[in-house]
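The structure appears right after this line, and notes come after that.
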Amino acid sequence: MIKVEYFTFNPLAENTYVLSNEKRAAVIIDPGCYFSEEEKILKNYIDEHSLKPVQLLNTHCHLDHVFGNNWVHKNYSLELYIHKDEQPVLEFAPAVATMYGLGFTNYSGAFHYLKEGDEVFLGNDILKVLFTPGHSPASICFYCPAQNFVIGGDVLFNESIGRFDLPGGNEEVLYKSIREKLYVLPDTTIVYPGHGEPTTIGHEKKYNPFVNA
């Protein structure tokens, strides 16, 4: 059984996720910790719950979702799992961060690539990889059918959607991803987004002003 915990970090108010199981193994998704105090918050949570981080995942590689990749890599000896077409976005992230006055040390370890249909294992629990581009060139979501939730990155928000005006974004592709990959999930599926509060697929199909069912 997976426990989902999230922390809102960095000046762009990004949600960092820690998924853990009853054996205390943990997956860290989109570590956005930018300030040392945020790193401390994440570390304290892991330590206080005696968790062992076993995998580092990014839904996509915009700067606010990758600030903490290097810190997680150094502290827990984890290598990064992303979609291969997000790697150029990650490599460009420090240049973008400089424009915001948010310099940071980028991840420099080995890469492992995920694609549509792959599965991420946390003990006996399974997260299915959904390919959901549009906000970024190759954004992915992590769907847990057994517990009816999806870690959605910046694809779908509570009554909103991700931006599509950034490099590699595409409005029609984003709409297609939402309709064909997320809106087909059960209405009761909880969406844990990259920003803001959780929502459900059913709520968004009914109330999202950008993409309706």
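The values are calculated or read from the model by the stated rules, or taken from the named source; none is laboratory data. Owing to the predicted nature of the structure, the values given are computational and were not obtained by experimental measurement. Because the Cβ atoms are built from the backbone with ideal geometry, glycine has one as well, and the counts that use them run over all protein chains shown. Accessible surface areas use protein heavy atoms only, side chains included; no ligands, DNA or RNA. Shrake-Rupley method; radii C 1.70, N 1.55, O 1.52, S 1.80 Å.
Listed by chain and number, the lysines whose C-alpha is less than 28 Å from the C-alpha of Lys115, apart from same-chain residues fewer than 8 away, are Lys3, Lys23, Lys52, Lys74, Lys84, Lys128, Lys176, Lys181, Lys205. Size descriptors for the stretch 3-102, from the alpha-carbon set: Rg then Dmax equal 13.0, 42 Å.
Atom-type composition of the exposed protein surface of the chain places 53 percent of the accessible area on carbon and sulfur (1.4 angstrom probe).
Applying the criteria of a DSSP loop state and at most 12 other Cβ atoms within 10 Å to the trypsin sites (Lys or Arg not before Pro) of the stretch 45-137 yields Lys115.
Name the most mobile residue of Gly162, Gly109, Gly152, meaning the one with the largest mean-square fluctuation, in a Gaussian network model of the chain with Cα contacts below 10 Å. Among Gly162, Gly109, Gly152, the largest GNM mean-square fluctuation belongs to Gly109. Just check the stretch 103-213 against the gyration tensor rule for me: Cα atoms, a ≥ b ≥ c as the square roots of the eigenvalues, rounded for a/c under 1.5, and otherwise prolate or oblate depending on whether a/b exceeds b/c. Since a/c reaches 1.5 but b/c is at least a/b, the shape of the stretch 103-213 is classed as oblate.
Counting only helical runs of four or more DSSP H residues, what would the 222 nm mean residue ellipticity of the chain come to if each run contributes -39,500 (n - 2.57) and the total is spread over all its residues?
The helix contribution divided over the chain gives -7000 deg cm²/dmol.
Among His195, His49, His62, the residue with the largest mean-square fluctuation in a Gaussian network model of the chain, with springs joining Cα atoms closer than 10 Å, is His49. What is the sum of charges, Lys and Arg at +1 and Asp and Glu at -1, for the other residues whose Cβ falls under 14 Å from the Cβ of Gly169? So the surrounding residues net to -4. Considering only beta bridges that DSSP places wholly inside the chain, some 65 percent are antiparallel.
Dipole magnitude for the stretch 44-97: computed about the Cα centre from +1 point charges on Lys and Arg Cβ and -1 point charges on Asp and Glu Cβ, it is near 120 debye. For the chain, the solvent-accessible area with a 1.4 angstrom probe is 44 square angstrom per residue. Each of the chymotrypsin sites (Phe, Trp or Tyr not before Pro) that DSSP puts in a loop and that has at most 13 other Cβ atoms within 10 Å breaks the chain; the longest unbroken stretch is 101-213. Using a/c under 1.5 as the rounded threshold, could you call the chain rounded, prolate or oblate? The axes a ≥ b ≥ c are square roots of the C-alpha gyration tensor eigenvalues, and prolate needs a/b larger than b/c, oblate otherwise. Oblate, because a/c is 1.5 or more while a/b does not exceed b/c.
Extending 7 Å from the Cα toward the beta-carbon at both Glu116 and Thr98 defines two label points whose distance is 3.6 nm. Based on Cα contacts under 8 Å between residues 6+ apart, the stretch 106-166 shows a relative contact order of 22 percent.
Just to confirm the filter: which GluC sites (Glu not before Pro) across the stretch 31-122 are DSSP coil and have at most 16 other Cβ within 10 angstrom of their Cβ?
Glu79, Glu116
Comparing Thr188, Thr16, Thr59 in a Gaussian network model of the chain (Cα springs below 10 Å), the most mobile by mean-square fluctuation is Thr188.
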